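Every number here is computed from the coordinates shown, using simple stated rules; none is lab data. Everything numeric in this text was worked out from a predicted model, so none of it was measured. Glycine also receives a Cβ, built like all others from the backbone with ideal geometry; neighbour counts cover every protein chain displayed.
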Amino acid sequence: MDERELLVLGLLMTQSQHGYKINEFIENNLGRVSDMKKATAYSILKRLNQNGYVDVTIEQEGNRPPRQIYTITPNGNEQFKLLLRMTLSSLDNVTPSGDIGFMFIDHLSTAEAVELIELKLQKVDLLIKSLASVPQHGHRTGIDLSIQHRITLLECEKAWLSKLIFEMNSSI
């Protein structure tokens, strides 16, 4: 399943939009929960159009170049709901960043390993603060839930790293 399709279809559920506006919204508002690149969004829009999930119309404003406007179709609406249900009920067994490194941590001195883990802990803390500074969307509680989920996962990572540092320092 491709969550990026869900993202693009979800944005089209509220209104028809041109590709630039979709990309701009993702970059300005969802950059903390999605790292989708512009080329990827356009590729997905093309694929969604080919599959009958979105319609494309051409809009011309004044002397500006023509723009393609994307509108979700009834089939796209059904695909969106299917992807949404699948995403909300699925569980991916992902390998967190750094887990492979932890497998080989014994090849470093304890002092160096602790120093590196402390750096990671600082980065986790900065990311938590960054996400916590995102204004609440209120009427779009789904975005708030996504950010809260990321913060909760990062707080768990922070607690685990802190415990690991304590245990490693206790063994010195």
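For the reader, a short list of remarks on this structure follows.
- With helices as the sole contributors, the chain gives -21000 deg cm²/dmol at 222 nm; each DSSP H run of n ≥ 4 counts as -39500 (n - 2.57), and the sum is divided by every residue.
- Label point distance in nm, F102-E59, each placed 7 Å from Cα along Cα→Cβ: 4.8 nm
- Between L82 and S130, the FRET efficiency estimated from the beta carbon spacing at R0 = 35 angstrom works out to 0.60.
- Only alpha carbons enter this Debye calculation for segment 3-89, each as an equal point scatterer, and the log10 of I(q)/I(0) it gives at q = 0.18, 0.19 Å⁻¹ is -0.75, -0.84.
- The distance between label points at R150 and E167 comes to 2.8 nm (points 7 Å beyond Cα on the Cα→Cβ vector).
- Computed from Cα atoms, the angle from the helix 110-132 axis to the main principal axis of the chain rounds to 30 degrees.
- Lysine pair number, Cα distance threshold 23 Å (strictly under), segment 1-128, separation 8 or more or different chains: 7
- Option label - volume of the Cα convex hull per residue in Å³ computed here, alternatives (i) 116; (ii) 157; (iii) 190: (ii)
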